[in-house]
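The structure appears below as structure tokens.
The values are calculated or read from the model by the stated rules, or taken from the named source; none is laboratory data. None of these values were measured; they are calculated from a predicted model. We place every Cβ from the backbone using ideal geometry, glycine too, and count neighbours over all the protein chains shown.
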Number of protein chains: 2
Amino acid sequence: MMNRDVADLPSGPLDVYRKKASFSWKDMVRFIDGEDVYLFKQHVFRTLENDPLFARQPGEDVPIEKKRELNFLSTVIHVEEVSTARFDDFTEGVQAYEEQWGESISLEFVINSPDFEAAKFWVGNLGKTATHAVVYAQLYTPDQVCHGLHSFVVPLRDPKTLLALPGVLVGDMGKKLGQNGLDNGDPKKRFGASLGALSGGRVYITRMALINLKLALTVAIRFSAARRQFGPTDTEEIPVLEYQLQQWRLIPYLAAAYALENFTKSILMNFVEFQIGQMLKDNSDTAGMGREIHAIGCSSKPLGSWTAQRGIQECREACGGHGYLAMNRLGDLRDDNDPNCTYEGDNNVLLQQTSSYLLSWLHAKQRDGVRIESPFHTVDFLEESQEILKSRFTALTVDDCVDSAVPLAAYKWLVCFLLEESQKKLEQERASGNDDFEARNNCQVYYCRSLAMAYIEHTCLQRFHELTTNQDTPAGLRPVLRKLCALYGLWSLSSHMATLYQGSYWSGRKPAELVQMAILTLCSQLKDDAVALVDVLAPTDFILNSPIGCADGQIYNHLWSTVMQGSKVLERPSWWKEFCSDKPVLGSLRPKL
Amino acid sequence: MMNRDVADLPSGPLDVYRKKASFSWKDMVRFIDGEDVYLFKQHVFRTLENDPLFARQPGEDVPIEKKRELNFLSTVIHVEEVSTARFDDFTEGVQAYEEQWGESISLEFVINSPDFEAAKFWVGNLGKTATHAVVYAQLYTPDQVCHGLHSFVVPLRDPKTLLALPGVLVGDMGKKLGQNGLDNGDPKKRFGASLGALSGGRVYITRMALINLKLALTVAIRFSAARRQFGPTDTEEIPVLEYQLQQWRLIPYLAAAYALENFTKSILMNFVEFQIGQMLKDNSDTAGMGREIHAIGCSSKPLGSWTAQRGIQECREACGGHGYLAMNRLGDLRDDNDPNCTYEGDNNVLLQQTSSYLLSWLHAKQRDGVRIESPFHTVDFLEESQEILKSRFTALTVDDCVDSAVPLAAYKWLVCFLLEESQKKLEQERASGNDDFEARNNCQVYYCRSLAMAYIEHTCLQRFHELTTNQDTPAGLRPVLRKLCALYGLWSLSSHMATLYQGSYWSGRKPAELVQMAILTLCSQLKDDAVALVDVLAPTDFILNSPIGCADGQIYNHLWSTVMQGSKVLERPSWWKEFCSDKPVLGSLRPKL
């Protein structure tokens, strides 16, 4: 049973907003997480809260080695408490590998790194603790014949002493901007990577980025609802959330968080379906699924990580100086989110995979008359490309626009338009004598890159739109979800306005004006729901660990108490004597003239 | 005499680009900095390089207290070596205050903070070391009459012991995201601030942001010229700077850095002119100057700090995983730049001051027939508003567009259009019954905010355009400067494309396409100059302190050497025993079924 209710949330400056919310907080939690997941989360939160190991002073300055130790200790506890069975499997697995390797070394192999650049950076946990690694290497037999890439399980450190084995150079690569609990190392071995297998990783990274965004929004929206500044009269100050500008800075990201909450779950299910298909080897089109999930993952990661990056930065700025204090956690969230833009492929580079997928469908249709229809249906609408390209924006009033069907229709046109333009541009480049490598490079900016982003935004919006219009979605939640969906669609679309005009989907002054007014209208309609909407996404105060983001909204009390309990707050600096001594005697430094 | 030349720069992978540069590196340094400033900079760099206090291991993990101590020690050296005379004045000043205060305390005053929220956060150096503060407070006489805001010099700590004096609560407010060398404190006194006096600060912050951007660009462009990845054939890898996408990500920010280099100097001169006018009390229009420099500073700070924020983030991502390593410094630059968006006024809030200034000119003209002409000429073109609003985009080819006159004309139209729209919107809001406070709030997003940004971008572009067309600018530098100026103008303009269509300055498919193609053309033309252009902006390797940003471009050698010399790189973690002991016995954790 859910044992947390609005009535259970601590009382304070946020009450006024919670009372104005248009929906039941409890119903939304039940709808989004489900009873089981909610209870499991509460169990994990309680477990962590009851263990002093997880109690951190907000903003404390922890040296890297200490961070890694804490990370190691908490992983051990996590493994012991949460997944005993898996740890058991893992231990058995390691033994099996060790046994196998014990035999192999006497046969099978010498692992060599040809030069310094073959060193591998960024291997998780390898810098300080891993005892074995899987190394991908070209296999040469004594007759100098290369048998291609093979994988080898290589012992790196003595598991009893953690000292590196002879011939192995492995160490720490230094401090990163964030994620410093995780060590990364360098075993001087070049890894190859099987690209297909990475889709699950990218889908999961999309979700990790969303988690950072949700935490940042919880901090910034609670702060904005509690913090008062200026007002219509000299004596009255109003919460900064009441300002149009503050709403416009934050509430679209809240809508994006809800859109991505639904989207990341749905693509995870797609990936699972693909994996099951592979395992069962049934008649399902696993090759088609694999290609489509690859196209989805290569663009969902950029969408999720960039939305989080920009959203966290906006939250940081929207909290002013308080957002710049480390204790309020927005800096850590930004740093921890940052690698999501880079690992498992640079965002900009990955987008090329997605656009190639879309272009290949168009090509197959034009050359072979193939019907455009994919296992997860993200490209099906392209079959009607010619009709869609003839459509135009028809909304006449702001009321017409406050409906996700409007941006959804615009996105369908946008993807069709960018796909056609990208294909034309590619043909043009080839016709001008460029080889394939150069032709593709010259089509990225403004064409293929925009195409891939528009495709994934459309997919995310489409699935959110389906959720909000689905009869299975509780009627009491549909109104607020519909507003969030319309806002997400219009706000995302607003970054493509020039293209809508360029291709004549829009013309004249009205369309841009209507969309902008609809965005502001929706922000204003959602501001009374904003606190309740982040209550749904927020973990407990202990986990959030941000004085200005506490559920009771008592920002100054929490700030004050955290500041006063910081290390050596009121103490003189240890170097005070140096500061006070050796002061120049008055006049002694006067230029000797 | 300049003693550093291309020939003096260390040889390496960057040579190929330096040789292709279209201009003389030395001439550009002489033009931008001038001989005196160049020599002074070299002197400062040498002084710092010769003092072990300033030698920092890239990316090392320095605790906050140590950072503050290093900051204190380097400030002392700085003061002793560079400005002995000023330090002398300062000491005398303190004595004078102390003497005055010694008398005052027995007369004039009790300083009280009414409540907790009256505590002052963010006072530089107050957290740990300042001995006196200037406190702004309401003066109440015993008859309970309030005499308004007065300033008081208040002793806080005993200068001999650095212990806080009785009745004073002052301490450290905790770790910030960056700038942790500077301590910030809280003397429980509310500060008032004289808004006008802050213009100098904002102008200076614009320049500080630029310095961060220049350092980040130096790292990212040298890295991109040295780092090779993929290529037209399987065997040949090409520098990533050769990719259109990489050029488009970085080179517009390089153009922005050159535009801001010129702009920040010019507005600093405007501010100095204003101050001299105030001191001389001559016939110059100091009130008009004050209002205009306020409007400039309130928008130049957002322009500079946001351009740097986005540029540094792009540099970080463009360097991939290497950009995420703390040793390469992009994270520190981002964190150190971040408060520029917030202090001396939140960027979004400050922009309202600028738009109000512009609206007041329009109002004065319409009501009183005033001619629009300001001391620093940033608004003079608004006098021709009606003719400008009739103008249209006339470029027909990409060649037509590769000229800063094209975006400059578009910007003049844009400012006039947004000014008129903002005024209309404001009148509309008032007519619908909103009070002035609400009417102004409802005009910020899409209207006043965009107006202020377009105004300052226009001013920056106008002044860069004048520099590149000025006959005093060396002929050998004008071609590259003209390209930078055109690129900056077109790239900035591209964020306003929807508005250009909306107001019919643009129509049809062509204008957006021409501008986009012109941007890519300029990026491609400037890529061979990019390394030389950052050589001009870069400090010495010692000061830059980024392994992947070194002048010799030997990124892997520097990375390797920095990694290997890091603290405890190859050592086991101190907690290794805990890791190795207490391992569960195989099978012991198997579920007891």
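Residue check, B:Arg509 against (1) touching a residue at least 12 places away in the same chain (Cβ under 8 Å); (2) within 14 Å of B:Val398 (Cα to Cα), all met but one. Which one?
(1)
Identify, please: which residue in the stretch A:204-247 is farther than 17 Å from A:Gln309 by Cα and aromatic (Phe, Trp, Tyr) and is, among those, surrounded by the fewest Cβ atoms within 10 Å (Cβ to Cβ)?
A:Phe230
Restricting attention to the stretch A:309-331, report how many residues are of a type in the set (Asp, Glu) and facing chain B (nearest Cβ under 9 Å).
1
Taking the condition within 11 Å of another protein chain (Cβ to nearest Cβ) and either farther than 16 Å from A:Leu358 by Cβ or touching a strand residue (DSSP E or B) at 6+ places or on another chain (Cβ under 7 Å) (or both), does A:Phe437 pass?
yes
Report whether or not B:Leu426 is under 27 Å from the mean Cα position of the chain (by Cα), within 28 Å of B:Ile293 (Cα to Cα) and within 14 Å of another protein chain (Cβ to nearest Cβ).
For B:Leu426, the condition - under 27 Å from the mean Cα position of the chain (by Cα), within 28 Å of B:Ile293 (Cα to Cα) and within 14 Å of another protein chain (Cβ to nearest Cβ) - is not met.
Go through (1) of a type outside the set (S, T, N, Q); (2) in a helix (DSSP H, G or I); (3) surrounded by fewer than 19 Cβ atoms within 10 Å (Cβ to Cβ); (4) within 11 Å of chain A (Cβ to nearest Cβ) for B:Ile543 and report which single condition fails.
With respect to (1) of a type outside the set (S, T, N, Q); (2) in a helix (DSSP H, G or I); (3) surrounded by fewer than 19 Cβ atoms within 10 Å (Cβ to Cβ); (4) within 11 Å of chain A (Cβ to nearest Cβ), B:Ile543 is out only on (4).
Could you check the stretch B:527-540 and list, in sequence order, the residues that are surrounded by 24 or more Cβ atoms within 10 Å (Cβ to Cβ) and polar (S, T, N, Q)?
Hits for the stretch B:527-540: nothing passes.
Surrounded by fewer than 21 Cβ atoms within 10 Å (Cβ to Cβ) and within 27 Å of A:Leu325 (Cα to Cα), is that true of B:Gly331? Spell out the reasoning first.
Values: surrounded by fewer than 21 Cβ atoms within 10 Å (Cβ to Cβ): no; within 27 Å of A:Leu325 (Cα to Cα): yes.
No: the conditions fail for B:Gly331.
Return only the number of the condition from (1) under 23 Å from B:Cys448 (Cβ atoms); (2) free of Cβ contacts under 8 Å to residues at least 60 places away in the same chain; (3) within 27 Å of the chain's Cα centre (by Cα) that B:Ile388 does not satisfy.
(3) is the only condition that B:Ile388 fails.
Here are B:Val82, B:Val76, B:Val62, B:Val37: which of them is of a type in the set (Val, Ile, Thr) and either at pLDDT 85 or above or farther than 30 Å from B:Lys175 by Cα (or both)?
One residue alone meets the criteria, B:Val37.
Take the residues in the stretch B:7-64 that are aromatic (Phe, Trp, Tyr), under 26 Å from B:Phe464 (Cα atoms) and in contact (Cβ under 8 Å) with a residue 60 or more places away in the chain; name whichever of them is surrounded by the most Cβ atoms within 10 Å (Cβ to Cβ).
The extreme case among them is B:Tyr17.
Hey, does the stretch B:189-203 have a residue that's at pLDDT 80 or above, surrounded by fewer than 20 Cβ atoms within 10 Å (Cβ to Cβ) and away from chain A (no Cβ under 11 Å)?
The answer is yes, given that some residue of the stretch B:189-203 is at pLDDT 80 or above, surrounded by fewer than 20 Cβ atoms within 10 Å (Cβ to Cβ) and away from chain A (no Cβ under 11 Å).
Only one of (1) surrounded by 15 or more Cβ atoms within 10 Å (Cβ to Cβ); (2) in contact with a helix residue (DSSP H, G or I) (Cβ under 9 Å, 6 or more places away or on another chain); (3) in contact (Cβ under 8 Å) with a residue 24 or more places away in the chain is not met by A:Thr286, so which one is it?
Going through (1) surrounded by 15 or more Cβ atoms within 10 Å (Cβ to Cβ); (2) in contact with a helix residue (DSSP H, G or I) (Cβ under 9 Å, 6 or more places away or on another chain); (3) in contact (Cβ under 8 Å) with a residue 24 or more places away in the chain one by one, A:Thr286 breaks only (3).
Does A:Asp541 qualify as being touching a residue at least 40 places away in the same chain (Cβ under 8 Å), within 29 Å of A:Phe223 (Cβ to Cβ) and not aliphatic (A, V, I, L, M)? Before you say what the answer is, go through the steps one by one.
Working: touching a residue at least 40 places away in the same chain (Cβ under 8 Å): no; within 29 Å of A:Phe223 (Cβ to Cβ): yes; not aliphatic (A, V, I, L, M): yes.
Criteria not met by A:Asp541.
Can you work out which of the residues in the stretch A:441-464 that are more than 10 Å from chain B (Cβ to nearest Cβ) and not hydrophobic (A, V, I, L, M, F, W, C) is nearest to the chain's Cα centre (by Cα)?
Among those that are more than 10 Å from chain B (Cβ to nearest Cβ) and not hydrophobic (A, V, I, L, M, F, W, C), it is A:Glu457.
Assess whether A:Asp335 counts as being within 8 Å of another protein chain (Cβ to nearest Cβ) and either in contact (Cβ under 8 Å) with a residue 40 or more places away in the chain or of a type in the set (Phe, Trp, Tyr) (or both). Steps first, please.
Values: within 8 Å of another protein chain (Cβ to nearest Cβ): yes; either in contact (Cβ under 8 Å) with a residue 40 or more places away in the chain or of a type in the set (Phe, Trp, Tyr) (or both): yes.
Spelling it out, A:Asp335 is indeed within 8 Å of another protein chain (Cβ to nearest Cβ) and either in contact (Cβ under 8 Å) with a residue 40 or more places away in the chain or of a type in the set (Phe, Trp, Tyr) (or both).
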